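Heads up, the thing below is written out as structure tokens.
Each reported figure results from applying straightforward, stated rules to the coordinates on display, with no laboratory input. These figures come from a predicted structure and were not determined experimentally. Reconstructed Cβ throughout: ideal geometry from the backbone, glycine too, with neighbour counts over all protein chains shown.
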Amino acid sequence: MAAGVEDECAVPICFTVPEQLHHVDFDEDPEQRIRRGYENIAASLGGASVAEQVHIVFLQELMLSQLLNQGAVYVGHCVARSDADPSKLTTSQFSILVKEADLSAHRPLAAVASALRQPDGRRKVGFADYPAGEALVVGEEVEVRLPVSVTGKSVENVHRVRQAQVILPFPGGRRMAVLGVSSESLDDWEHYVSMLNGIATSVSFTDPAKKSIGDLLAGL
């Protein structure tokens with residue numbers, strides 16, 4: 001599935017996501033989205049308990065709210081049987097954020113990496129090369145605190161969520177794209193990291209519909 005977004009600086013970001021991701025329509029009525037999400041999970045994952053299904057939808061909505069506040073331009077969910085243990089469900093949430101940035105300094109990603117690193121070393125920060133340019137790769141485990149249970153009871157629940165991000169600067173350094181995945185399903189983590197790497201590899205800051213002079217003269 002190919003997608004693209006044009007930011008206010010007229011620099012597009014184009015990317016491809018795996019077909020197994022269910023795209024979240026930001027304009028859809030929340031109540032309708034929750035109902036449809038629950039129905040999709042129930043239909044595709046026969047045998048899953050009601051508590052499992054409701055937990056998945058509840059956590060997805062919580063994370064979606066946070067991502068929208070952070071500038072998400074794309075969010076997709078993956079819900080399936082675990083490859084590691086088919087008796088269990090595996091879920092993940094993928095996102096692409098576009099954030100304002102000032103990356104005009106010499107080696108700006110190095111400065112960002114320094115700011116992201118933590119003294120305890122639990123957050124892993126490194127560099128990687130992609131077709132769209134050099135990127136930061138960040139990985140860590142975080143606690144997600146749910147103030148209520150899925151039934152609405154005021155009991156704080158704490159969940160361990162692993163997340164990874166690929167941070168790619170836009171041309172000109174005024175924006176950066178943050179591609180991310182988060183999941184509680186740690187047994188399937190490597191599979192989700194591979195999917196994230198595939199999305200990052202597909203990112204382009206050139207509209208594929210607009211051919212460059214190099215494209216027009218290719219083969220001469």
Under a point spin-label approximation (7 Å from Cα along Cα-to-Cβ), what is the residue 19-residue 187 distance to one decimal in nm? 2.7 nm
Quick one: which residues, 5+ away or cross-chain, put their amide H under 5 Å from the amide H of residue 88? H built at 1.01 Å from N. 82
To the nearest 0.05, what FRET efficiency results for residue 61 and residue 134 with a Förster distance of 30 Å applied to their C-beta separation? 0.30
Quick check: pseudo-label points 7 Å beyond the Cα along Cα→Cβ at residue 141 and residue 70, how many nm apart are they? 1.9 nm
Residues whose modelled amide H sits under 5 Å from the amide H of residue 73, counting only those 5 or more places away in sequence or on another chain, are 96, 97, 98
Check which residues have an amide H placed less than 5 Å from residue 175's amide H, if you skip close sequence neighbours. 101, 170
Measure off 7 Å from each Cα along the Cα-to-Cβ vector at residue 118 and residue 160, then give the distance between these two points in nanometres to one decimal. 1.4 nm
Within the stretch 73-96, whose backbone N sits under 13 Å from a point 7 Å along Cα→Cβ of residue 52? 79-91
Give me a comma-separated list of calculated 3J(HN,Hα) values for the stretch 102-119, in order, Karplus coefficients 6.51, -1.76, 1.60 applied at θ = phi - 60°, integers in Hz, x for any Gly or Pro. 10, 10, 8, 6, 5, 6, x, 5, 5, 5, 5, 4, 4, 5, 7, 5, 10, x
Fully extended, how many nm does the chain gain between residue 83 and residue 105 (0.36 nm per residue separation, minus their Cα-Cα distance)? 3.5 nm
R0 of 25 Å, Cβ-Cβ distance residue 40-residue 127: FRET efficiency to nearest 0.05: 0.10
Going by average Cβ neighbours within 10 Å, how do the peptides 189-199, 112-122, 60-70, 173-183 rank, with the highest at the top? 173-183, 189-199, 60-70, 112-122
